[in-house]
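One structure is given here, and the rest of the page talks about it.
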Amino acid sequence: MRILVVEDEPKVAAFIKQGLEESGHEVLSAYDGAMGKRLALEGSVDLILLDVILPIASGIETCKAIRQAGGQMPILMLTALGSTNDKVLGLDAGADDYLVKPFEFQELLARIRSMGRRGHVVQVIEEKPTYKDLQLDPTKKEAVRGDHHIHLTSKEYALAEFFVLNPERVHSRMELVSKIWKLDNFNGTNVVESYIKILRQKIDRDFEPKLIHTRYGQGYILTDRP
């Protein structure tokens, strides 16, 4: 994989770079948020390791900027701030996963392998997940409705795929936070509502029938029946 490491501490950056290269990865390095965003959008990277505390623009700001500019590669946040609220900030910004410093390098490699597998689902899934006229393309991280191809971020795709693979069933906020964002404590976060709103704008707003519905007091369901 071609991995972008955005880390402003030279010793930490060098340690990560050396370990990744010894594991067979190609590594690009950036030392501030602005440089990280530029390389992310221009460097054809497969995955980003993004520190939270950075000069010029924080990791949170950089992550948001990459997503807003259309970057869809997986982003793993590296943070010394390990509270649930700190993790939620990163997830709300568009990160796919987080790893709290200090960490064992083998765990970092395991997270990278896991995220890499998510990015290459085509190898294990022969058919594209489909519900009614909604079809998902795991290789391109796209949703297709009719003739319209709709680009999704990694986390938007993961949520859409979960719904398509588990249709006609109500999923609570707690279940979605646990399954998609891997958080045990979801208090104080509106991450589910935010992503549901985005998916509705992308795959429901201009199409009929509407597929993503709210069951008030229960959760969300993918169905063509209101």
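Assorted remarks:
- Residue in segment 202-225 that is of a type in the set (Asp, Glu) and under 27 Å from Asn85 (Cβ atoms) present: no
- For segment 118-222, no strands (runs of 3 or more DSSP E) sit wholly inside it while including 2 or more residues that are at pLDDT below 90 and in contact with a strand residue (DSSP E or B) (Cβ under 6 Å, 6 or more places away or on another chain).
The values are calculated or read from the model by the stated rules, or taken from the named source; none is laboratory data. These numbers were taken from a predicted model, which means no experiment stands behind them. Cβ atoms come from the backbone with ideal geometry, glycine included; neighbour counts cover every protein chain shown.
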